[in-house]
Amino acid sequence: MTQLPKRLASFAVIALLLLAFPTLSRAVIWSNSEVFWRETIEKSPEFPRSYVGYAAELIKLRRYDEAEQNLKRALDMKYETYFVWQNLATIYQERGDHSQYENAMLRAISLSKTPTELYIKLIQNLLWHGTKSENSRKAYQKAANYYLLAYEKDKNFGEGLYNAAKLYLILGDQRKARCYFELFLAHPGDSLYRPAARKMLDKLVTHDNLGGAAI
């Protein structure tokens, strides 16, 4: 009779372990985001958000072709958000397709309620790659334009005016550089760039007063 409680205890432990197996399996799935999203798609393929979540995990794994397919599947299901296009832009960037990257980022920007950060990423990529090519002038012009567009959408982004002014100065367009330095300095709020902007504007004013002599 003394063995009975021990046997019952053993059976209880085994039963608990058997019950725990599905829970343990589920814990493994939840700890692996790629598996989680893949299983979610398999069980509920009608939800486009699942394809986007799965694609984001595939991008982390550098499985870009599969990620692109899933993102486009979400688009086919009329799930068009800035996040979908931003992820597509990441894929094109990793492939070195700068034209498609730019187009995808512009689409993401058009869908975002807070596009300033996306504009900055686009500009940084444009300047990083564009200035290494023969089209560096075109890259500077595009970047200046994007800074101004970013400011138009977010009037708190006064530094967009400052950065555009600097790029026009690089391009040799001193009239536009002066214009945007003036607008930046007239913009409300504090900025660490004000002293530098004032210094460059003073040089441009002196340049104009001297009739176009070198700064």
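Here, each number is a calculation from the coordinates, and none is a lab measurement. Remember, it's a predicted structure, so these values are computed and weren't measured experimentally. Backbone-built Cβ (ideal geometry, glycine too); neighbour counts: all protein chains shown.
Worth a mention:
- Per-residue HN-Hα couplings for the range 194-209 [Karplus 6.51, -1.76, 1.60; θ = phi - 60°; Hz; x = Gly/Pro]: 4, x, 5, 5, 4, 5, 5, 5, 4, 5, 5, 5, 4, 4, 5, 5
- Bins of 10 Å, starting at 0 and running to the largest distance - Cα pair percent for the range 115-215: 16, 44, 32, 7, 0
- Local electrostatic count, Val84, Cβ distance below 13 Å [Lys/Arg +1, Asp/Glu -1]: +2
- Reach of Lys203 by Cα under 26 Å, taken over lysines that are not fewer than 8 positions away in the same chain: Lys138, Lys142, Lys166, Lys176
- Anchor Lys43: lysines whose Cα lies under 26 Å away (excluding residues fewer than 8 positions away in-chain): Lys60, Lys72, Lys78
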